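See below for the structure under consideration.
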Amino acid sequence: MDIPMSGPRCRVLAIVNQKGGVGKSTTAVNLAASLGEAGKRVLLIDLDPQANSTSGFGVRKNHQDQCVYDALLNDCSFAELAQRTDEDNVWIVPASIQLAGAEVELVNVISREMRLKTLIEAERHKYDYVLIDCAPSLGLLTINALTAADGLLIPLQCEFYALEGLSKLLDSMRLVKTHLNPNLEVFGVLMTMYDRRMKLTKQVVQEVESFFGDIVFKTYIPRTVRLSEAPSHGESILIYDSKGKGADAYRNLAKEVMQRG
C-alpha cells in the first residue's frame with residue numbers, strides 16, 4: 001500500500017469514555033474525515049468489538065479476512081491491515097466481533113499492555129494523526145489504547161449524568177501514566193449531542209467546563225438527525241451531508257485539534 005510519509009510529528013489520540021452512546025465512534029469517523037479533508041494523513045484504529053467505526057466508513061465488519069485482532073494476537077502489522085477509506089487521506093484498521101475475545105486472550109501475552117503501542121510505533125511515521133476508537137469499557141483493550149496514546153479525547157453527552165463514572169476513567173489514566181505511559185494527558189473534552197434550546201444542555205456544559213477548564217473544546221457537536229443517519233449509509237457526515245451543521249461542527253473540531261498540535 002502506497003502511503004506517503006508524514007511530517008516529523010504524529011499525534012496519537014484515544015477517543016475514550018467508558019459510557020456507551022456518547023458519540024465516540026461518530027467522533028472517530030467524522031474527526032478522521034475532517035482532518036483528512038484538511039490535508040492531514042490519518043489512521044483510524046477501531047478497537048471496539050462493536051466495530052461501529054468500521055461500518056461507519058462502509059467497511060463490512062463481518063466480511064474482511066483480518067482485523068485489528070490479528071495484529072494484537074497473530075503478529076499481523078498495521079501496514080498489512082490498514083484499508084483506504086473513501087475519504088481523502090484516511091485509512092482504517094477495521095474491527096470485528098472477533099475482537100471480543102481479545103480481552104481474555106491477551107491476559108497471558110507478554111507485555112500485553114504494550115501490544116497496541118508497539119504496532120502503532122512501527123507505522124506512526126506515515127501519518128499526522130492516529131485515532132483510536134475505544135470500547136465503552138476500561139478493560140485490557142482500553143488500557144492498551146491509553147498506553148499507546150499521547151492524549152485522550154473524551155466525548156461527553158450533554159445530559160444530566162455526563163460526569164457520572166468519569167472518575168474511574170481518570171483514575172485509570174493516572175495509573176497508566178504512573179506505570180506505563182508517563183506522557184499521557186487529557187488532550188480535550190468534547191461536548192456531544194448539544195441542543196442549545198435546552199436549559200439542561202447549558203447547565204451540563206457549565207458543569208463540565210468548571211470541572212475541566214480550558215481543555216473543553218469550544219466546538220460543540222449538535223444533536224442532528226443527519227449525524228445519526230450517516231453511519232447507516234457507511235459514510236462520514238462530510239460525504240452524507242457536507243453542508244449541514246454536523247459537518248461544520250466536525251470541521252471546526254478538526255481545526256481546534258490541529259491548533260492544539
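Which residues, taken from the stretch 79-129, are small (Gly, Ala, Ser) and under 17 Å from the mean Cα position of the chain (by Cα)? Of everything in the stretch 79-129, those that are small (Gly, Ala, Ser) and under 17 Å from the mean Cα position of the chain (by Cα) turn out to be ALA82, ALA95, SER96. Only a single item in (1) out of contact with any Gly (no Cβ under 9 Å at 6 or more places or on another chain); (2) farther than 17 Å from LEU190 by Cβ; (3) of a type in the set (Asp, Glu) is not met by GLU235, and it is number (1).
Here the condition is being buried (at least 18 other Cβ atoms within 10 Å of the Cβ), of a type outside the set (Ser, Thr, Tyr) and under 10 Å from ILE15 (Cα atoms); of ALA145, ALA162, it holds for ALA145 alone. Any residue in the stretch 168-183 that is hydroxyl-bearing (Ser, Thr, Tyr), farther than 28 Å from ILE143 by Cβ and free of Cβ contacts under 8 Å to residues at least 40 places away in the same chain? The answer is no, given that none of the residues of the stretch 168-183 is hydroxyl-bearing (Ser, Thr, Tyr), farther than 28 Å from ILE143 by Cβ and free of Cβ contacts under 8 Å to residues at least 40 places away in the same chain. Take the conditions (1) free of Cβ contacts under 8 Å to residues at least 40 places away in the same chain; (2) more than 25 Å from ALA33 (Cβ to Cβ); (3) among the hydrophobic types (A, V, I, L, M, F, W, C); MET191 misses just one of them, which is (2).
Could you say whether any residue in the stretch 130-146 is more than 19 Å from the chain's Cα centre (by Cα) and on the phi < 0 side of the Ramachandran plot? So far as the stretch 130-146 goes, no, none of its residues is more than 19 Å from the chain's Cα centre (by Cα) and on the phi < 0 side of the Ramachandran plot. Kindly establish whether GLY151 is more than 25 Å from PHE78 (Cα to Cα), in contact (Cβ under 8 Å) with a residue 60 or more places away in the chain and touching a Lys or Arg at 6+ places or on another chain (Cβ under 9 Å). In short, no. Per the conditions (1) under 13 Å from the mean Cα position of the chain (by Cα); (2) modelled with pLDDT of 95 or more, the sole criterion not satisfied by GLN18 is (2). Quick check: anything in the stretch 86-96 at pLDDT 95 or above, farther than 21 Å from SER232 by Cβ and out of contact with any Asp or Glu (no Cβ under 7 Å at 6 or more places or on another chain)? Yes - at least one qualifying residue is present in the stretch 86-96.
The values are calculated or read from the model by the stated rules, or taken from the named source; none is laboratory data. For clarity, every value in this text was computed on a predicted model and none was experimentally measured. With ideal geometry, Cβ positions are generated from the backbone for all residues, glycine too; neighbour counts draw on all protein chains shown.
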